[in-house]
Every structure is written in C-alpha cells, then in structure tokens.
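The values are calculated or read from the model by the stated rules, or taken from the named source; none is laboratory data. This structure is a prediction, so every number in the text was calculated from the model and none was measured. Using ideal geometry, Cβ is built from the backbone for each residue, glycine included, and neighbour counts are taken over all protein chains shown.
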Amino acid sequence: MNETNRTPMRGTNLRRGALTLATLGLAALTACGDLDIVNTNAPTVETLTESPTRDVMARAATGIFAQSLNDVGTRIQFYALYGREGWNLLGNDPRETGEQLRGPPDPSGRNSAIWVGQFSAIRTINTYLAALETATGLSDAERRASAGFAKTMKASNFHNLAIRTGELGIPIDVDRPITADPAPFVSFSAAMEHVSSLLDEAYGDLMAGGDNFPFTMAPGFGGFGNPAAFAQFNRGLAAKVLVHRATFLGCTACWAQAAAALDQSFITDGGLPESLATGAYYGFSAAAGEPSNPVSEPLVNNRLWVHPSIISGAQLRADGTPDLRLTSKVTDTGREHSLAGLFATHKPTLFNNPANPASPNLGAPIPRLINEELLLLRAEIRWNNGDRQGAVDDLNRIREYAGGLEPSGLTAGSSDDAFVTELLYNRLYSLMWTQGTRWIDARRYNRLDTLPRDREGDNVFTNMIIPANECSARDLASPCRPL
C-alpha cells in the first residue's frame, strides 16, 4: 500500500470547517446532472456544528469507526519489513527491497506513511466531540458514553503515531485553526503520557455512560456494544500503553498502573483455548465497495512473504512438529521466490480461508486487541511487579494453548534476559503479521541488533521519520527533528 498519493495536511492543523465526516465509502458521486446533492449518509461539519440530531451523531460515529481502518494494512506491511517478519517481493516498487530495508529513508516518500490517515481520524474525532456539546436528542449519559468511545479511539490513533515516530515525537495540540501556527511537537514521553491521560478520561466517561451507546457498534466490536463492555476494551488498551511506557521510557510506576488497568479489562483465564481470540477486531468485508482485508491474498501471489527466520526459529512440539502458531498462520508455497537477493518459501495465510489457505478471505477481521495479547501483557507485568512465578505460568499457558508446546523451562529464578527472550518469542508467534510486534518489541527491549540483516548494507531502523510536509510547515529542512 503506497501512502505517497494522499493529500498532505499543512503541519497537521485540524480545521473543523474543512472536513466532511464518514466519507470513507459512504459518499456517492454521479457522472452527470446536478452535482449539488445532499448526501444523507455523510454529515458535514456544518451539520455537526448546528445542533446536530441524534441520527446525525450516530452516522458521525460510523465515520469514526470507518476511519479507524486507516493505515492498518500499511502498518502491518511496513512494520513487517522493519522487523523482518516478512517482505514484499512483488517487485513493482524497488523501495520495498531497497529503501525500506537499508535506507536512507525518504521523508517525502513511503516513510511519510502512517501519519496523514491517523491525523485525519483525529480531526474527525475532534469535530465529533465538539458536536456532542450541542447535539439534540441525547441524554447526559449518552453524551458521556459517546465521548468515552471517541476519546478511546482518539487515544488509539495518538498511540499509533507515537510508536511510529518514537524519540522524534509528534504534535498533539492539533485541534487548531488552519491559519494558526503548526502544532508544536512534544517528546515521545509526553505523547505517551497524553495517550494514558486521554484513556483515563475516556474510561471515566464510559463508566458514567449508562447502559447503551446512541449508535450501532461497528463490526469487530461485537463484544463491546455497551459502555461498560467498551470500558473493558479501554482498560486493555490502557494496560498496553502503560507497558510501552514502562519499557520504551523507563516508567517504573507504570508497571503497577498497568496491572490495575489490566484487572479492569476483558482478560480471562477461562474457556481456553477458544477465549484466546476474544477481543476487538478491525472489521472487513468481502462485499463490493466495502473495506477488504489488506493483507489476505492467494498463495500464488508474489507480494507478501514470511521471513525465513520465522520458519527456522519456531520451536518444536513434543511430537516434533512446529509450534501451532506457525503452522496455523503460515503456508509453504512449495516453491522458492527470490528478488533483489532476498529469498522466501512461505507466505502469511492467517487471514486466508481456514478451509483452504491458498484462497484469500477478504472479509477476515484483523485483531486490534485480543485476550491472547492481554495474557502476554500480564506475564510481562507480573514479572516486573515481582510475581515471577505468575509470569512463568502465563507464558506456559500461552505456549500450551496457543502453540501446543511443552513448558518453557523458565523458573521464578531465571534471569531477566532469559525471561525477555521467552516473552518475545511468544509475542512474535502469537501476534505475527497483525501489528509489527517483532519490530516494536525489539525497539523497546534494545534488541534491534538481533534482527536479521539479510544482505550487506541492510539496516534496521529505530523509528519512522517525520514526513517532509511537517518539516517544511515549520521551515525545517528534511529530514528534520522538530524537537
């Protein structure tokens, strides 16, 4: 997926008057006749700022859900490259085997991705939150529930941006007029603190939000259709952000806070292994005109491939067969494909037809946050809060129920380094090809030097860089460091 053709924003200033909400797949254009047509599916900013009705607000919420799909495919594919979870070997863009694996990164090209889409979604949410203040037909509880939903989604976008850019920081004060100066960048630490604060604020709104949302929950959030249930998703995300703050930024107090948040999430030990998949998903559809899964493709396609180290690194079960997380998510094509000195034999098929992995499933959902990840987060949290045996038990639980593996051999007396090695192994195979886990984890545990460099001159990057448009909006030469 190439982001270079998207229209850039000037310095991420977000002007309410410039936005039409819910335009992703909802607006219809005609080839002839009167083009001054009222689109009843897409409320405009003017509609939202002039005492919007309950129905208008419900459609705007749909727009927020729709825009939350921004960059999912790009993030998975790019982070797979950076973390050597896999490659794009189609050969139609040399940057995928060149610039993105060895550099230097071009701030006006592909490395400007995973930016505009996130800020566009944040702009939509800011408009929605302002409209809640004057909307008609909503009870006070429904306003709080709606605000809690919107702030949670906004926090998720800011989290994506902060992780993307790392130490270079991001702008967060972006709800300002287009005529204002560009929003200042804040540090990685300040950005992540902002995400945590926003999630806590959202949680308070959700807990005061009554029994129901005044809108229909989107596909992928089937288990979170009321404010109390959505609050559990919020707390799971809060725990994840706090663990990232603890490991990326050395926030020691974040471990205890993460434990408290996780206890209020949807984490469960019951119903395993089926409950591993319980959680929130990015919902896609195979229907014409609907967003489809961006990383599901036929086995004969030469685009996406699994890095050979994922195949060779899989541990074996008692019967000598590989970790179930490999065999259920990856398929041997029976051929070797090569491009630019890179070689692969296996493709990611975790989102393909379960009955026929050679066939794509364009309606397959992609996990946002599921119980399997929460159990892995709990292991990490427990180890760092002193409950080392509990952490070992959690990892062994994942090994057994997700991988079909024997216990790891870790004990409460194992070294921190041994625990992290086992933790990252399980996180990789449980979460591969869903969120760039290998790259993110290597960054937060200072293990980038363990990632493969397959050719002389290849590099492993510590973060994505600031887009050129953000630099020029601040009169800085690209690539820039605005802080």
Legend entry - Ala231 vs. criteria small (Gly, Ala, Ser), in contact (Cβ under 8 Å) with a residue 24 or more places away in the chain and either assigned to a loop (DSSP other than H, G, I, E, B) or crowded, with 16+ Cβ neighbours inside 10 Å (or both): yes
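So which of Leu376, Leu350 is outside any strand (DSSP E or B) and over 30 Å from Ala256 (Cβ atoms)? Break it down stepwise before answering.
On the way: Leu376 fails: over 30 Å from Ala256 (Cβ atoms).
Just one listed residue meets the conditions, Leu350.
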Legend entry - Selection count, the stretch 124-163, where residues are of a type in the set (D, E, K, R), in contact with a Lys or Arg (Cβ under 9 Å, 6 or more places away or on another chain) and surrounded by fewer than 22 Cβ atoms within 10 Å (Cβ to Cβ): 1
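Looking only at residues in the stretch 381-395 that are touching a helix residue (DSSP H, G or I) at 6+ places or on another chain (Cβ under 6 Å) and in a helix (DSSP H, G or I), which one is nearest to Leu431 (Cα to Cα)? Talk me through it step by step, then tell me what you get.
Here is the first cut: in the stretch 381-395, the residues touching a helix residue (DSSP H, G or I) at 6+ places or on another chain (Cβ under 6 Å) are 381-385, 390-391, 394-395.
Filter once more, so that each one left must be in a helix (DSSP H, G or I): 381-384, 390-391, 394-395.
Details: Ile381: 18, Arg382: 20, Trp383: 20, Asn384: 21, Gly390: 21, Ala391: 18, Asp394: 16, Leu395: 14 Å.
For the stretch 381-395, the residue satisfying everything is Leu395.
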Inset, instruction - Could you check the stretch 406-479 for helices (runs of 4 or more DSSP H) lying wholly inside it with 2 or more residues that are surrounded by fewer than 17 Cβ atoms within 10 Å (Cβ to Cβ) and more than 25 Å from the chain's Cα centre (by Cα)? - result: 416-431
Inset, instruction - Please enumerate the residues belonging to the stretch 323-339 that are of a type in the set (Lys, Arg) and outside any strand (DSSP E or B). - result: Arg325, Lys329
Legend entry - Flag for Gly320 being surrounded by fewer than 16 Cβ atoms within 10 Å (Cβ to Cβ), modelled with pLDDT of 95 or more, part of a loop (DSSP other than H, G, I, E, B) and out of contact with any Gly (no Cβ under 9 Å at 6 or more places or on another chain): yes
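How many of the residues making up the stretch 287-309 are hydrophobic (A, V, I, L, M, F, W, C) and over 21 Å from the mean Cα position of the chain (by Cα)?
Going through the stretch 287-309, the residues hydrophobic (A, V, I, L, M, F, W, C) turn out to be 287-288, 295, 299-300, 304-306.
Now restrict to residues that are over 21 Å from the mean Cα position of the chain (by Cα): 287-288, 299-300.
Residues meeting the conditions: 4.
Residue-wise test of (1) part of a loop (DSSP other than H, G, I, E, B); (2) closer than 29 Å to Ala135 by Cβ; (3) not β-branched (Val, Ile, Thr).
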site: Ala246; (1), (2), (3): no, no, yes
site: Cys251; (1), (2), (3): yes, no, yes
site: Cys254; (1), (2), (3): no, no, yes
site: Ala258; (1), (2), (3): no, no, yes
site: Ile267; (1), (2), (3): yes, no, no
site: Ser275; (1), (2), (3): no, no, yes
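Somewhere in the stretch 50-58, is a residue among the small types (Gly, Ala, Ser), at pLDDT below 95, farther than 26 Å from Asn469 by Cα and not in a helix (DSSP H, G or I)? Before the answer, list the steps.
Of the residues in the stretch 50-58, the ones among the small types (Gly, Ala, Ser) are 51, 58.
Cutting the leftovers down to at pLDDT below 95 gives us 51.
So of that shortlist, the ones also farther than 26 Å from Asn469 by Cα come out as 51.
Checking the rest, the ones that are also not in a helix (DSSP H, G or I) come to 51.
Taking every residue of the stretch 50-58 in turn, at least one turns out to be among the small types (Gly, Ala, Ser), at pLDDT below 95, farther than 26 Å from Asn469 by Cα and not in a helix (DSSP H, G or I).
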Inset, instruction - Kindly indicate the residue of the stretch 112-146 that is among the aliphatic types (A, V, I, L, M) and more than 16 Å from Gly63 (Cβ to Cβ) and also modelled with the lowest pLDDT among those meeting that condition. - result: Ala113
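Here is a yes/no grid of residues against (1) within 22 Å of Pro367 (Cβ to Cβ); (2) assigned to a loop (DSSP other than H, G, I, E, B); (3) without any contact (Cβ under 8 Å) to a residue 60 or more places away in the chain:
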residue	(1), (2), (3)
Asn111	no, no, no
Gln118	yes, no, yes
Thr127	no, no, no
Ala141	no, no, no
Met153	yes, no, no
Leu161	yes, no, yes
Asp173	no, yes, yes
Legend entry - Matching residues, the stretch 67-96, being assigned to a helix (DSSP H, G or I), within 20 Å of Asn293 (Cβ to Cβ) and touching a Gly at 6+ places or on another chain (Cβ under 7 Å): Arg75, Ile76, Tyr79, Ala80
Inset, instruction - Any residue in the stretch 239-263 that's touching a residue at least 12 places away in the same chain (Cβ under 8 Å): show its pairings with residues that are hydrophobic (A, V, I, L, M, F, W, C) and surrounded by fewer than 20 Cβ atoms within 10 Å (Cβ to Cβ) at Cβ separation under 6 Å, as long as the two are six or more apart or on different chains. - result: Arg245/Cys251
Inset, instruction - Would you check which residues across the stretch 392-405 are touching a residue at least 60 places away in the same chain (Cβ under 8 Å) and either touching a Pro at 6+ places or on another chain (Cβ under 7 Å) or surrounded by fewer than 22 Cβ atoms within 10 Å (Cβ to Cβ) (or both) and list them? - result: Arg397, Tyr401, Ala402, Gly404
Legend entry - Exclusive hit being among the acidic types (Asp, Glu), modelled with pLDDT of 95 or more and within 27 Å of Asp394 (Cβ to Cβ), set Asp205, Asp211, Asp173, Asp263: Asp263
Inset, instruction - Run Ser139 past the list (1) farther than 22 Å from Phe78 by Cβ; (2) within 24 Å of the chain's Cα centre (by Cα) and report the number of the one that doesn't hold. - result: (2)
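So which residues in the stretch 356-381 are free of Cβ contacts under 8 Å to residues at least 60 places away in the same chain and over 30 Å from Asn293 (Cα atoms), if there are any at all?
Pass one, the stretch 356-381, residues free of Cβ contacts under 8 Å to residues at least 60 places away in the same chain: 356-357, 376, 379.
Listed by number, the list holds a single entry, Ala379.
Here is a check on your reading of the model: is Glu400 under 24 Å from Asp323 (Cα atoms) and more than 25 Å from the chain's Cα centre (by Cα)?
Numbers: under 24 Å from Asp323 (Cα atoms): yes; more than 25 Å from the chain's Cα centre (by Cα): yes.
In short, yes.
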Inset, instruction - Please find, within the stretch 323-343, the residue that is surrounded by the fewest Cβ atoms within 10 Å (Cβ to Cβ) out of those that are under 30 Å from Gly98 (Cβ atoms) and aliphatic (A, V, I, L, M). - result: Ala340
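On the basis of being β-branched (Val, Ile, Thr) and assigned to a loop (DSSP other than H, G, I, E, B), does Ile398 make the cut? Write out each step before concluding.
Numbers: β-branched (Val, Ile, Thr): yes; assigned to a loop (DSSP other than H, G, I, E, B): no.
Answer is no for this residue.
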